[in-house]
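Asks: Dumping the structure here so I can ask a few things about it.
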Amino acid sequence: MDRRRVLRLLGLGGLLSLTGCDRLSQSRWFPRVLGKAEQFNHRLHHALARRDSMAQEFTEADLSPVFPSNGTRQPVDADYRLLAARNFADWQLPVSGLVRNPRSYSLADLRALPSRTQITRHDCVEGWSAIAKWRGARLAALLDAVHPLPQARYVVFYCYDTMDFGGARYYESIDLEDAFHPQTILAYDWNDQPLPVPYGAPLRLRVERQLGYKMVKFLRGMELVESFDAIAGGNGGYWEDRGYEWYAGI
Amino acid sequence: MEGPATNTAMETGPQSARGIYRHRLPVRITHWLNLVILVVMLGSGLQIFNAHPALYWGERSDPSHAWLAMAARTHPETGERQGITRLFGREYDTTGILALSAGTPRGFPAWSTIPSDHWLAMGRRWHLFFAWLFVLNGIAYLTWGLATRHVSRDLWLHSTEARHLPRTFRRHLSLRAVRADVEQGYNPLQKIAYLLVIFVLAPLMVLTGLAMSPWLDAAFPVLVSLFDGRQSARSIHFIIAFGLLVFTVIHVLMVFAVGPIRELRAMFTGRLPPRQNES
């Protein structure tokens, strides 16, 4: 073996390993093996953190001068545009599923619920962070009013925005631990003004200990379920159905 | 694999006919595992970086305050597509490598990322799985290394070495001296490089990685304040990744400089073969 041969072997090995990684990524079994880390992280993170560990809160001086609008900036859906045209006066949030008192909330009803104001950092799965002030109804207060049944485990959020030509609308889900967390709110104000359309008018979710894709915009309805297996792709969210982790705390 | 009869430090000094027993089995296993892990971590890390190819200091990512940003643009006169990398306010045309490659706007080119296509979800899967392998491999190496005193005997600078550091430094600017000292175990500069990687860069890599998790930031706020914000942590994570890459490149160059066949054999079999008139 001479030096040139060693070099050539090393180069070939590198090339093979990278195309090998692509093959593995396309396979069915390998991403599933990699996904084991997500389940482990989910369990470990919940064991390490207190149930009510609070995301850091900031001051007005820390607000981002420009807050990015990611994902859908302006839903083109006809039903949404009708509501927006009347400034969401007719908008209603039905809460259904495994609850004792299913009911619908208008924006006025939500504003009458116990609220919370928080200045928090929004972390996107892409890597950027931005700070804004959010005010909204505490989800815990709403849930106490509708009274989840004992078998309810997740809250599923349905949205107005259609994401692709297949017609799939955005949706997400969180567990009850996150749903009852003090910082989990249904936000109707952003930086002291009614939530603008690019940020999810008239109502969006804030789950401050997870990544941005959990925090749905343009809310259309909520459902309490025992399992999300039968909803859309069965993975608990629009992006989860496309390979992203359901536990978005990383 | 054969091993030494006793748990002594790596053999140095006069060589037997069969050479010097240099690397014990746990070192060899964790070393080669680490190579695979680092390749995957770098490739998948660049994939994740490409989802937002810019870096900042502090908590926020204000676009006007990026210290590094990659973006494609159309040249105002020629109409050609260009990849522009802005570093500390200065713009560089990096078309073909950074910011624009194979006609597509992307931070790092396809040949450097895992997977090669733009596929953030899959990059994250690789990264977050292999991160655990990196940590477990590191813990295994350190536990073994501290328990057998490999770290204190073979890696830590002896007091004489520490005292003569400036002289050693000058001496090892010459490759001939490095070559001549191969049989003496790791040379002091080599030790410093390894210690830096093992006890400073690798732990910082893990901590800055953890600091990017919003869940862990809530549970352990000190994680993120330690680095002056989540975006700083992301920047440091990126800089250290390239620190480790530079270390690896120099490491491989040194292997080639002092004798790739003997060094590779030592890392595979444990034994540094006796010197011959090398080709």
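Since every read-out is calculated from the coordinates, none of them should be taken as a lab result. Note that this is a predicted model, so its numbers are computed, not measured. As a convention, Cβ positions derive from the backbone with ideal geometry for all residues, glycine included, and neighbour counts pool all protein chains shown.
Asks: Looking at A:Trp246 and the list (1) over 24 Å from B:Arg230 (Cα atoms); (2) touching a residue at least 12 places away in the same chain (Cβ under 8 Å); (3) not hydroxyl-bearing (Ser, Thr, Tyr), which single condition is not satisfied?
Replies: Result: A:Trp246 fails condition (1) only.
Asks: Can we say A:Pro94 is loosely packed, with under 15 Cβ neighbours inside 10 Å and closer than 17 Å to A:Arg138 by Cβ? Outline the logic, then answer.
Replies: Details: loosely packed, with under 15 Cβ neighbours inside 10 Å: yes; closer than 17 Å to A:Arg138 by Cβ: no.
Spelling it out, it is not the case that A:Pro94 is loosely packed, with under 15 Cβ neighbours inside 10 Å and closer than 17 Å to A:Arg138 by Cβ.
Asks: Here is a follow-up. Read through the list (1) within 11 Å of chain A (Cβ to nearest Cβ); (2) hydroxyl-bearing (Ser, Thr, Tyr); (3) surrounded by fewer than 19 Cβ atoms within 10 Å (Cβ to Cβ), then give the number of the only condition that B:Ser232 fails.
Replies: (3)
Asks: Does the range A:112-130 include one or more residues that are among the hydroxyl-bearing types (Ser, Thr, Tyr) and farther than 30 Å from B:Phe49 by Cβ?
Replies: So far as the range A:112-130 goes, yes, one or more of its residues are among the hydroxyl-bearing types (Ser, Thr, Tyr) and farther than 30 Å from B:Phe49 by Cβ.
Asks: Working only within the range A:234-250, note down all residues that are within 7 Å of chain B (Cβ to nearest Cβ) and within 16 Å of A:Phe157 (Cβ to Cβ).
Replies: Listed by number, the list holds a single entry, A:Tyr244.
Asks: With (1) touching a residue at least 60 places away in the same chain (Cβ under 8 Å); (2) away from chain A (no Cβ under 12 Å); (3) on the phi < 0 side of the Ramachandran plot as the list, and B:Gly185 as the residue in question, which single condition is left unmet?
Replies: (3)
Asks: Let me ask something else about it. Considering the range A:169-218 alone, what residues qualify as being hydroxyl-bearing (Ser, Thr, Tyr) and not in a loop (DSSP other than H, G, I, E, B)?
Replies: Matches in the range A:169-218: A:Tyr170, A:Tyr171, A:Ser173, A:Tyr188, A:Tyr199, A:Tyr213.
Asks: If A:Asp52 meets every condition in (1) within 8 Å of chain B (Cβ to nearest Cβ); (2) touching a residue at least 40 places away in the same chain (Cβ under 8 Å) apart from one, which number is that one?
Replies: Every condition holds for A:Asp52 apart from (1).
Asks: Additional query: From the list A:Phe67, A:Phe58, A:Phe30, which residue is more than 30 Å from A:Asp90 (Cα to Cα) and not in a helix (DSSP H, G or I)?
Replies: A:Phe58
Asks: Further question: For residues that are loosely packed, with under 12 Cβ neighbours inside 10 Å and at the interface with chain B (Cβ under 10 Å from one of its Cβ atoms), scanning just the range A:55-67, find the one that is farthest from B:Trp119 (Cα to Cα).
Replies: A:Pro65
Asks: Would you be able to say whether some residue in the range B:198-215 is more than 16 Å from the chain's Cα centre (by Cα), more than 25 Å from B:Leu38 (Cβ to Cβ), exposed (fewer than 14 other Cβ atoms within 10 Å of the Cβ) and not β-branched (Val, Ile, Thr)?
Replies: The first filter runs over the range B:198-215 and keeps only residues more than 16 Å from the chain's Cα centre (by Cα), leaving B:210-215.
Still in the list and also more than 25 Å from B:Leu38 (Cβ to Cβ): B:214-215.
With exposed (fewer than 14 other Cβ atoms within 10 Å of the Cβ) added as a condition, the list becomes none.
No - not one qualifying residue is present in the range B:198-215.
Asks: Continuing with this model, one more query. Grab the strands (runs of 3 or more DSSP E) fully contained in the range B:41-139, keeping just those with 2 or more residues being acidic (Asp, Glu).
Replies: Output list reads B:90-93.
Asks: Of the conditions (1) polar (S, T, N, Q); (2) more than 14 Å from chain A (Cβ to nearest Cβ); (3) under 20 Å from A:Ser129 (Cβ atoms), B:Ser174 satisfies every one except a single condition; which number is it?
Replies: (3)
Asks: Checking the condition under 25 Å from the mean Cα position of the chain (by Cα) and among the polar types (S, T, N, Q), which residue from B:Thr74, B:Thr143 passes?
Replies: Of the residues listed, the single one that is under 25 Å from the mean Cα position of the chain (by Cα) and among the polar types (S, T, N, Q) is B:Thr143.
Asks: Given the criterion free of Cβ contacts under 8 Å to residues at least 40 places away in the same chain and under 20 Å from the mean Cα position of the chain (by Cα), identify the matching residue among A:Asp178, A:Asp161.
Replies: A:Asp178
Asks: Go through the range B:25-62 and give me each residue that's of a type in the set (Gly, Ala, Ser) and surrounded by fewer than 20 Cβ atoms within 10 Å (Cβ to Cβ). Before the answer, list the steps.
Replies: At the first step, the residues of the range B:25-62 found to be of a type in the set (Gly, Ala, Ser) are B:43-45, B:51, B:54, B:58, B:61.
Listed by number, the residues that qualify are B:Ala51, B:Gly58.
Asks: Just one of the numbered conditions (1) more than 14 Å from chain B (Cβ to nearest Cβ); (2) in contact with a helix residue (DSSP H, G or I) (Cβ under 7 Å, 6 or more places away or on another chain); (3) outside any loop (DSSP other than H, G, I, E, B) is not true of A:Tyr80; which one?
Replies: (2)
Asks: Separate question: Please verify whether the range B:74-91 includes one or more residues that are touching a Ser or Thr at 6+ places or on another chain (Cβ under 6 Å) and either within 27 Å of A:Ala37 (Cα to Cα) or surrounded by fewer than 14 Cβ atoms within 10 Å (Cβ to Cβ) (or both).
Replies: Checking the range B:74-91: not a single residue is touching a Ser or Thr at 6+ places or on another chain (Cβ under 6 Å) and either within 27 Å of A:Ala37 (Cα to Cα) or surrounded by fewer than 14 Cβ atoms within 10 Å (Cβ to Cβ) (or both).
Asks: How do the pairs read when you match residues in the range A:196-220 that are closer than 16 Å to A:Leu139 by Cα and more than 14 Å from chain B (Cβ to nearest Cβ) with residues anywhere that are crowded, with 24+ Cβ neighbours inside 10 Å and charged (D, E, K, R), using Cβ under 9 Å and keeping only pairs 6 or more apart or on different chains?
Replies: A:Leu203/A:Lys217; A:Arg204/A:Lys217; A:Leu205/A:Glu172; A:Leu205/A:Lys214; A:Leu205/A:Lys217; A:Val216/A:Glu172
Asks: Here are the criteria: (1) in contact with a strand residue (DSSP E or B) (Cβ under 6 Å, 6 or more places away or on another chain); (2) closer than 22 Å to B:Met41 by Cα. Tell me which single one B:Ala266 does not satisfy.
Replies: The failed condition is (2).
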